[in-house]
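The values are calculated or read from the model by the stated rules, or taken from the named source; none is laboratory data. All of these numbers come straight from a predicted model, not from anything done at the bench. Positions of Cβ are backbone-derived with ideal geometry, glycine not excepted, and every protein chain shown enters the neighbour counts.
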């Protein structure tokens, strides 16, 4: 199972996240197994940007992690993702490959588990909603990570499916 983090804070973020989820359903050789609720969260980067809408999706896929990453980038491109801004600046859509089974991947193009995910409430709380107490390779069980995470500023917006 692959888990995808979804985030947006520009151009109707709820619609952007929902559109991305629909696009995930269309990835070849893959099935959308679950999607968390949508949450509102404060930005990680510069504070002078809108709040984010975040979710996590579970994808059962036959694609390699690298091919899945390319499919995610194509979805971002179709939704108008501009990669020229600040690293943690505002964006129309952001799709991150959080986990790919139990694998640890560290290449120039891809790092799995996604760096820092274990410290981000907007990732681990939606992930726990659909993945239970999954183990994050190198970091531990989700319930432990949630208890260690200090910033629970999330607000549930829309219940997942």
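The set of residues from segment 102-114 being in a strand (DSSP E or B) and loosely packed, with under 12 Cβ neighbours inside 10 Å comprises just one member, 106.
Considering segment 96-114, and only residues there that are in contact with a strand residue (DSSP E or B) (Cβ under 9 Å, 6 or more places away or on another chain) and without any contact (Cβ under 8 Å) to a residue 24 or more places away in the chain, the residue that is nearest to residue 9 (Cα to Cα) turns out to be 111. What's the number of the only condition in (1) in a loop (DSSP other than H, G, I, E, B); (2) under 16 Å from the mean Cα position of the chain (by Cα); (3) over 25 Å from residue 37 (Cβ atoms) that residue 91 fails to meet? The failed condition is (3).
For the residues 93, 4, the requirement of being more than 16 Å from residue 160 (Cβ to Cβ), buried (at least 18 other Cβ atoms within 10 Å of the Cβ), touching a strand residue (DSSP E or B) at 6+ places or on another chain (Cβ under 9 Å) and in contact (Cβ under 8 Å) with a residue 24 or more places away in the chain singles out 93.
Does residue 47 qualify as being modelled with pLDDT under 95, out of contact with any strand residue (DSSP E or B) (no Cβ under 6 Å at 6 or more places or on another chain) and either exposed (fewer than 15 other Cβ atoms within 10 Å of the Cβ) or closer than 23 Å to residue 85 by Cβ (or both)? Working first, answer last.
Details: modelled with pLDDT under 95: yes; out of contact with any strand residue (DSSP E or B) (no Cβ under 6 Å at 6 or more places or on another chain): yes; either exposed (fewer than 15 other Cβ atoms within 10 Å of the Cβ) or closer than 23 Å to residue 85 by Cβ (or both): yes.
So residue 47 passes the test.
Out of all the residues in segment 71-80, is one or more crowded, with 21+ Cβ neighbours inside 10 Å and more than 19 Å from residue 29 (Cβ to Cβ)? So far as segment 71-80 goes, no, none of its residues is crowded, with 21+ Cβ neighbours inside 10 Å and more than 19 Å from residue 29 (Cβ to Cβ). Taking segment 136-150 as the range and being more than 19 Å from residue 1 (Cα to Cα) and in contact with a strand residue (DSSP E or B) (Cβ under 8 Å, 6 or more places away or on another chain) as the test, only 145 passes. Flag: residue 99 does not match the condition of being buried (at least 21 other Cβ atoms within 10 Å of the Cβ), at pLDDT 95 or above and assigned to a helix (DSSP H, G or I). The requirement of being closer than 21 Å to residue 109 by Cα and touching a residue at least 60 places away in the same chain (Cβ under 8 Å) is fulfilled somewhere in segment 67-78, by at least one residue.
In segment 115-135, what count of residues is obtained for those that are in a helix (DSSP H, G or I), without any contact (Cβ under 8 Å) to a residue 60 or more places away in the chain and farther than 17 Å from residue 59 by Cα?
Residues flagged as in a helix (DSSP H, G or I), without any contact (Cβ under 8 Å) to a residue 60 or more places away in the chain and farther than 17 Å from residue 59 by Cα within segment 115-135 amount to 2.
Being within 20 Å of residue 14 (Cα to Cα), part of a loop (DSSP other than H, G, I, E, B) and either touching a helix residue (DSSP H, G or I) at 6+ places or on another chain (Cβ under 8 Å) or modelled with pLDDT under 85 (or both) holds for only one residue in 86, 82, and it is 82.
Within the bounds of segment 136-144, is there any residue that is part of a strand (DSSP E or B) and more than 17 Å from the chain's Cα centre (by Cα)? Looking for residues that are part of a strand (DSSP E or B) and more than 17 Å from the chain's Cα centre (by Cα), one finds at least one in segment 136-144, hence yes.
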